[in-house]
Structure formats: structure tokens, C-alpha cells
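What follows is a single structure, written as C-alpha cells, with notes after it.
The values are calculated or read from the model by the stated rules, or taken from the named source; none is laboratory data. Note that the structure is predicted; figures quoted are calculated from it, not measured. Here the Cβ positions follow ideal geometry from the backbone for every residue, glycine too, while neighbour counts run over all protein chains shown.
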Amino acid sequence: MNNTFLNKMLLSTMALNKNRMAVIGIVALAVLVTAYVILLADMRGTDMYNKNASRRISATEAREMMRRNPNAIILDVRTTQEFSTGRVKGAISLPDYAIRDRAGTVIPGYDALVLVYCRSGNRSRAAMYDLLSMGYTNVYDFGGITSWPYETE
């Protein structure tokens, strides 16, 4: 056999192996993407990922929960300046930007009842999801102080 024939055979075999490796890579990628989609779909059923979860409550519901649970943590996630202008009676100031660093210093345990609010409801919703992602399990968002019809201090 001459060298030209052997070279052509070798190149042909190498091209075939590249094609096989590409097919294996594509199949592996498809398996990973499928697993990710299944996992993500499963996680969306949990409160932490379900934006329609019943963790958003009304001011009336929040007030009733406060009445029934005197140890409830009422968390005001507005700035300290906003907090000083008026707050829900008994509220603790923990600005939204400090949640991850200081939550453990004001919330006594991961199963404590935590009722979160801000000015209009945007920061409180984000803070609620932050707390849920940190492992707190009994967290509710009651929106903003602008819609709080009850006593403030």
C-alpha cells in the first residue's frame, strides 16, 4: 500500500471520530438542558419562585396576624430616614439593602413570623423573596405604608 492511500484512510477515520464526538456532545447538552428545565419547572411550584404565591397579604390580614401573634416581627425595609418619618406600630427598621447582612440580628429564628412592608410594596416584595431564599419560612409581605389605614407611630 502506498502512503497516499494510508493518509486518506487516516484522515477519513479522524473525520468520522470528530463527527461522533460532536454527536455525543450534542446529546449530552440536550440531556443537561432537559434536566435543567425539569428542575426549574419543579422549583417554580415553591413559594420562593412563584410570584403568585399567597405570601402577599392585605393590611387587614397583616393587622390580624399581628393581633394573634404578639411576637411577630414587623419589618420596615425602607431607609432609616423614611423610617424616622413614621412607621407601623412596633416595626423594626431593616433597610432592604441590609437584609442579607443583618436579618439574623433582628429575626430570632428561621420559622419566626415576619411581616414585611416598605413605602409602596416594591422593596417589601423583594425583601420577602430575599428572606425566603435565605431559609426563612414564615414571611409575608403586606405592601406599603401608604396603604396602611391603621395606627402608626
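Of all residues in segment 108-133 being part of a loop (DSSP other than H, G, I, E, B) and not aliphatic (A, V, I, L, M), which is farthest from ILE73 (Cα to Cα)? If you could, list the steps in order and put the result at the bottom.
First, the residues of segment 108-133 that are part of a loop (DSSP other than H, G, I, E, B): 108-113, 119-121.
Going one step further and asking which of them are not aliphatic (A, V, I, L, M), we end up with 108-111, 119-121.
On the way: PRO108: 9, GLY109: 11, TYR110: 12, ASP111: 11, ARG119: 17, SER120: 19, GLY121: 17 Å.
If we take residues in segment 108-133 being part of a loop (DSSP other than H, G, I, E, B) and not aliphatic (A, V, I, L, M), then SER120 is farthest from ILE73 (Cα to Cα).
In this structure, is VAL139 modelled with pLDDT of 95 or more, over 20 Å from ARG55 (Cα atoms), surrounded by 14 or more Cβ atoms within 10 Å (Cβ to Cβ) and touching a strand residue (DSSP E or B) at 6+ places or on another chain (Cβ under 6 Å)?
Considered against the rule, which asks whether it is modelled with pLDDT of 95 or more, over 20 Å from ARG55 (Cα atoms), surrounded by 14 or more Cβ atoms within 10 Å (Cβ to Cβ) and touching a strand residue (DSSP E or B) at 6+ places or on another chain (Cβ under 6 Å), VAL139 comes out as no.
So for segment 44-63 (the condition being out of contact with any Pro (no Cβ under 9 Å at 6 or more places or on another chain), modelled with pLDDT of 95 or more, more than 20 Å from SER147 (Cβ to Cβ) and surrounded by fewer than 15 Cβ atoms within 10 Å (Cβ to Cβ)), does at least one residue qualify?
no
In segment 122-153, which residues are without any contact (Cβ under 8 Å) to a residue 40 or more places away in the chain and either within 18 Å of the chain's Cα centre (by Cα) or closer than 18 Å to ARG67 by Cα (or both)? If you could, list the steps in order and put the result at the bottom.
Restricting attention to segment 122-153, the residues satisfying the condition of being without any contact (Cβ under 8 Å) to a residue 40 or more places away in the chain are 122, 126, 130-131, 134-138, 144, 146.
Those that are without any contact (Cβ under 8 Å) to a residue 40 or more places away in the chain and either within 18 Å of the chain's Cα centre (by Cα) or closer than 18 Å to ARG67 by Cα (or both): ASN122, ALA126, ASP130, LEU131, MET134, GLY135, TYR136, THR137, ASN138.
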